[in-house]
Structures are given as C-alpha cells and as structure tokens.
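The values are calculated or read from the model by the stated rules, or taken from the named source; none is laboratory data. The model shown is predicted, which means the values in this text are computed figures rather than measured ones. Positions of Cβ are backbone-derived with ideal geometry, glycine not excepted, and every protein chain shown enters the neighbour counts. Keep in mind that these areas ignore ligands, DNA and RNA; they rest on the heavy atoms of the full protein, side chains included. Shrake-Rupley method; radii C 1.70, N 1.55, O 1.52, S 1.80 Å.
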Amino acid sequence: MPSEAPPTDFSVARIHETVQQMLGAGVLPPVVQAGHPVLRQAAALFDGQLNAEELGQLIHLMRSVMRRAPGVGLAAPQLGIPLQVAVLEDEFDVDPEAAAVRGREPLPFFAMLNPHVRPSGTASVAFYEGCLSVNGLQAAVARPENVEVDFTAPDGTRQQRSFSGWQARIVQHETDHLHGILYLDRAELRSLSNNAEYSARWAQPDIGRARQELGFLPG
C-alpha cells in the first residue's frame, strides 16, 4: 500500500511535527508528485516554525534529496512541507555550447527563505524545463532573463542577489513552487514532450527546431 500522503496543514505545530518525523525517519523522503494539494497552495512564510538546528537539518536533508534526484533545486513543498524554504545548486558538467546558448553558469549551493523575485529589465527567453515533481515530462517556458531576489538566509540575515540566464530560471522555478505554481502553468503546452522524445528530438542548445516543428511561440 502507498505511504500516507504528507499533510498540508500550515499550523506551526503540524509543520514542526512533520519535519521532526521526516528528520527522524533515517531515510531520504520521496519527492511529492503533481496532483498532491501541497504543490498547489501558497506555502507559509518561514517565521520561526523551526529552530536554527532543525532548519539546518531540514536544509541538509533537502540538499541530499535534490542531489539524489538529481536536480538543481528543491522547494520544501516538494517534500510535503508547506513552508517557504528552497535549496538551489547547479554544479553539473554541461556541454559548453549548450551552456553558452542558455547562459548556464555554475551555481554554488545556497538556501533561501521567503524569496521575492522581480524581473530586472524586459528581456525574456524560452527554454525547456523539467521538474522533480512532474516526472517524465519537459516543456518550454518563457521567463525573464534577469531577476533580482530578496530573501532571508538560513542565519536570519536579509539578502538581495541578482541572477541571469539559467540561474535566474532556477530561482524563478523554485520560487514558483513556494506559491503553488508548477512550471506547466507557464509552459507552452504544444512543446510538451516526454523525456524520451525530448532527448531524441529537442535536446539542442536552443528551442528553435522544437518551436518550428511543434508549432509554439510562432515568429
């Protein structure tokens, strides 16, 4: 039988209990999949629901789940925890041509709480994205190319950082999770591909061929 679904209660006590159970389980939890309501609700602002030690342990656990997947970001709701906490890291070896076209630079690990993202400038760019909570699918998503992010660091300090290219995409994707938004909500649905078709047909550095043959983003 499947395990009990994670709760979506936003109360301090319930969030704390859920995190304690997860930390005490001794195994890495699965990533919650699309269809669970926790992915469709705005997560609670982090406001001391966990103490510093517990928050550090949760961030470490999230980092381990992200790396196991593997992925470049993970938000707490993806573990069934309705709290505005996300971890990000992109240290993968990437084809240099693809990296150049996509503006993909290494992103050292960091965690952000209660992020607020705003576009910097008007430029936007579309590339294929996937999601650990939407197994087996990818789709093209147009997003602002440059963003500024205000967030709280795990040590409680407020920070502001600027991101561009693929880093900006990761930050926006994970922040969306904290507001109940999946990348499919922003995707060009005619671009939707399963992983096998994407790898066989559309894995070029840009989306030009897919755009033409699948008929999305005309012009």
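Only one of A139, A210, A126 is assigned to a strand (DSSP E or B), touching a residue at least 60 places away in the same chain (Cβ under 8 Å), among the small types (G, A, S) and open to solvent by less than 30 Å² (accessible area, probe 1.4 Å). Can you tell me which? After ruling out the rest, the residue left standing is A126. Spot the failing condition for A168; the list is (1) more than 14 Å from the chain's Cα centre (by Cα); (2) at pLDDT 95 or above; (3) more than 21 Å from Q41 (Cα to Cα), and only one is missed. The single condition A168 does not satisfy is (1). What's the number of the only condition in (1) surrounded by fewer than 21 Cβ atoms within 10 Å (Cβ to Cβ); (2) at pLDDT 95 or above; (3) farther than 30 Å from G208 by Cβ that L79 fails to meet? Failed condition: (1).
Among the residues of region 21-51 satisfying the criterion of being among the aliphatic types (A, V, I, L, M) and without any contact (Cβ under 8 Å) to a residue 24 or more places away in the chain, which is nearest to E91 (Cα to Cα)? Lay out the reasoning, then the answer.
Residues of region 21-51 that are among the aliphatic types (A, V, I, L, M), as a first pass: 22-23, 25, 27-28, 31-32, 34, 38-39, 42-45, 50.
Then drop every residue that is not without any contact (Cβ under 8 Å) to a residue 24 or more places away in the chain, which leaves 25, 27.
Numbers: A25: 28, V27: 24 Å.
Checking each candidate, the answer is V27.
Take A111 and decide whether it is in contact with a His (Cβ under 6 Å, 6 or more places away or on another chain) and open to solvent by less than 40 Å² (accessible area, probe 1.4 Å). Spell out how you get there, then give the answer.
Values: in contact with a His (Cβ under 6 Å, 6 or more places away or on another chain): no; open to solvent by less than 40 Å² (accessible area, probe 1.4 Å): yes.
Criteria not met by A111.
Checking each residue in region 157-207 for being within 25 Å of P37 (Cβ to Cβ), in a loop (DSSP other than H, G, I, E, B) and either open to solvent by 20 Å² or more (accessible area, probe 1.4 Å) or of a type in the set (D, E) (or both) picks out I181, R186, L192. For V38, the criteria (1) in contact with a Ser or Thr (Cβ under 7 Å, 6 or more places away or on another chain); (2) at pLDDT below 95; (3) aliphatic (A, V, I, L, M) hold in every case but one, which is (2).
If only residues of region 91-108 that are exposed (fewer than 13 other Cβ atoms within 10 Å of the Cβ) and free of Cβ contacts under 8 Å to residues at least 12 places away in the same chain are counted, the one that is nearest to D206 (Cα to Cα) is P96.
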